[in-house]
1. For region 45-54, check the following and say yes or no: at least one residue is exposed (fewer than 13 other Cβ atoms within 10 Å of the Cβ) and within 14 Å of the chain's Cα centre (by Cα).
2. For region 66-117: of the residues being modelled with pLDDT under 85, surrounded by 13 or more Cβ atoms within 10 Å (Cβ to Cβ) and small (G, A, S), which is nearest to the chain's Cα centre (by Cα)?
3. Quick check, is A38 surrounded by 11 or more Cβ atoms within 10 Å (Cβ to Cβ), modelled with pLDDT of 80 or more and either in a loop (DSSP other than H, G, I, E, B) or small (G, A, S) (or both)?
4. For region 60-79, does any single residue satisfy the condition of being closer than 20 Å to G96 by Cα and among the acidic types (D, E)?
5. Suppose we filter region 55-65 for residues that are part of a helix (DSSP H, G or I) and within 14 Å of the chain's Cα centre (by Cα); how many remain?
Amino acid sequence: MVGAAAGVGAGQRIAEPDDGGVGDAEILEARQVLTQLAGGLGQAIVGRAYAREPASRLAAFNYAGVVFTYLLEVVLFRRVPAAHQVAGALIVIAAGILVSVLSARRGLAAADAPIEE
């Protein structure tokens, strides 16, 4: 299970240390645990942000998660995203920013309109 989650394919062996030191399996497990803790903390922070600010103001920041995911993949797993992944991430980020800007403008226009009773 750990091997599959950490990018070790079927049929590949994870090397175990013979000298009692830390092996690849332990390093992969530590990375997985750290990733899960960071994800949980991030989710809690995002929930708190949405409780404090309007969703339209925060929507673009949600798409920053795509960038951070690729950066962490490079740092933790030493895998550089392929060109099509980068292009897809840029499209998602641009769409998120566009939606956020349009929502904010619509919200400002609605705030300026007179209230009818």
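The values are calculated or read from the model by the stated rules, or taken from the named source; none is laboratory data. Everything numeric in this text was worked out from a predicted model, so none of it was measured. Positions of Cβ are generated from backbone atoms using ideal geometry, with glycine treated the same way; all protein chains shown enter the neighbour counts.
1. The answer is yes; a qualifying residue exists.
2. The extreme case among them is A89.
3. Working: surrounded by 11 or more Cβ atoms within 10 Å (Cβ to Cβ): yes; modelled with pLDDT of 80 or more: yes; either in a loop (DSSP other than H, G, I, E, B) or small (G, A, S) (or both): yes.
For A38, the condition - surrounded by 11 or more Cβ atoms within 10 Å (Cβ to Cβ), modelled with pLDDT of 80 or more and either in a loop (DSSP other than H, G, I, E, B) or small (G, A, S) (or both) - is met.
4. no
5. Pass one, region 55-65, residues part of a helix (DSSP H, G or I): 55-62, 64-65.
Imposing the further condition that a residue be within 14 Å of the chain's Cα centre (by Cα) reduces the set to 59-62, 64-65.
Total meeting the criteria: 6.
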